[in-house]
Amino acid sequence: MPLSFDLFEEEEQEEKEKFLPQPSFGERFAWAITHLSRKKLLLLAFVIVLLLTGGIVYKFSRSFNIGAQVLQTTTSTPSSLTPGGVFLPPTKIPTNRFMVPETTRYQIIGGWLVPWEVNSFNSFQNNVAIIGEIYPFWYEIGTDGVTIDRKYASLVIDQAKYLAKARNVRILPTISADPDLISQTLSDSFKRGQHVINIVNLVTINGYDGIDIDYEGLSDKSSFNLFTQDLATALHKEGKLLSITVQGATSVSEITLDWQTIGKYSDRVKIMGYDYHSRITDNPGPIGPKGWLSAILNWATSQISPTKIIIALGAYGYDWQKESTGGWTGSGLTYQGAIDLQTRYSAKLERTTGTDDRGYQLGSTPHFSFIDGEGKEHQVYFEDTLSISEKLDLINQYKIGGMVLWYLGAEDPRVWEEIQKKLK
């Protein structure tokens, strides 16, 4: 095949062009303006705007620790971009309470997610924009005292995990235990070590942000202190959080565990501010009087760093029935359950005032009474927006880390407006 001189000429021309000055971006852009069709120009302009706004959203999201996807979904109108390319944030951005540094005035807002209440997941979903952490009530200690079993077969576990991850809500599942069984485990150094390993594995394998320990009815301070220290150390090495839930107390004489040690090593100390009157108390009454909660926080802040304290507020109530023996038997009920009961019996709704026989201010707790179809007397006390709202003031008064609800789905739905208003 004869050689083509055209080929050599083309190669020579390419070698020359290597040394010719290349057109600038402006010159290329000017060429595009004069040579491209109107449709292609519009497409080019759209791509440029998309790239610019995407970068702005990313920088804004990094500055405020808010996912870019969340920002884009909360910004629905072109007016959010000014002609100069400045991003104007929406008036209400879903925030992750945990991601805000503790030095600010932001507080953690959370709640227990329970599998037996169908509205629990719905409450989480409806209020995910202001919830920073959830504590799913999913696990318990196995019969060997070391392993961890799933407490309930919940159909919403995967949904809850997906929603929490998508909206930057921290997941710290709760582990509960039989007091006698876990006491034996914690007093045995080998079993205690194995139990710590199992907890850490549970957290890391499932991608949880930490764990919430709810071991009630314990009395061995020394063993629990060692457990707390070992578990905190192991979790922190993995970048995970430790939350410990304790029963409410107003003095050292009322506790069986060492709050100072718990507060030193854990990241959260959730104090149960409910069941002042429970299903087994002698007389009906408010589950969490405001004065009692104030006394709890007054003493707790002297034992634990206030920023680590999370007050757990009851969102439920009890229907106490008077027995023939003279005592009372309580049955738990949600806010909606209480309202339905009041409506069914056309009961008059009243509110507590003054103080109780221990000197605690009762606050404004709703209650009513009725006689059922069998002629038995009932007393019902429960929580609503007003009774919980006045307790939220204590969180700011004592400058503690935040609050959680026991439990999501039991509450008066209007309470979230008060939470959003008072906790920032």
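A few remarks follow.
- A convex hull fitted to the Cα coordinates of segment 295-424 yields 126 cubic angstrom per residue.
- Cβ charges +1 (Lys, Arg) and -1 (Asp, Glu), total dipole of segment 97-422, debye: 1100
- Projected label points at V252 and V118, each 7 Å from Cα along the beta carbon direction, are separated by 5.1 nanometres.
- If you plug the beta carbon distance of S219 and Q397 into 1/(1 + (r/R0)^6) with R0 = 22 Å, you get a FRET efficiency near 0.10.
- Net charge of neighbours whose Cβ lies under 11 Å from the Cβ of E411, counting Lys and Arg as +1 and Asp and Glu as -1: -4
- Greater than 27 Å apart at Cα, pairs in K151/K399; K151/K290; K290/K424; K237/K399; K290/K348: K151/K399; K151/K290; K237/K399
- Charge-dipole axis of segment 97-422 as Lys and Arg at +1 and Asp and Glu at -1 on Cβ define it, positive-most pick from G317, T329, T250: T250
- For peptides 192-205, 263-276, sequence by mean Cβ density within 10 Å, most packed first: 263-276, 192-205
Bear in mind these aren't lab numbers, they're just calculated from the coordinates by the rules spelled out. The model shown is predicted, which means the values in this text are computed figures rather than measured ones. All Cβ positions, glycine included, derive from the backbone under ideal geometry; neighbour counts span all protein chains shown.
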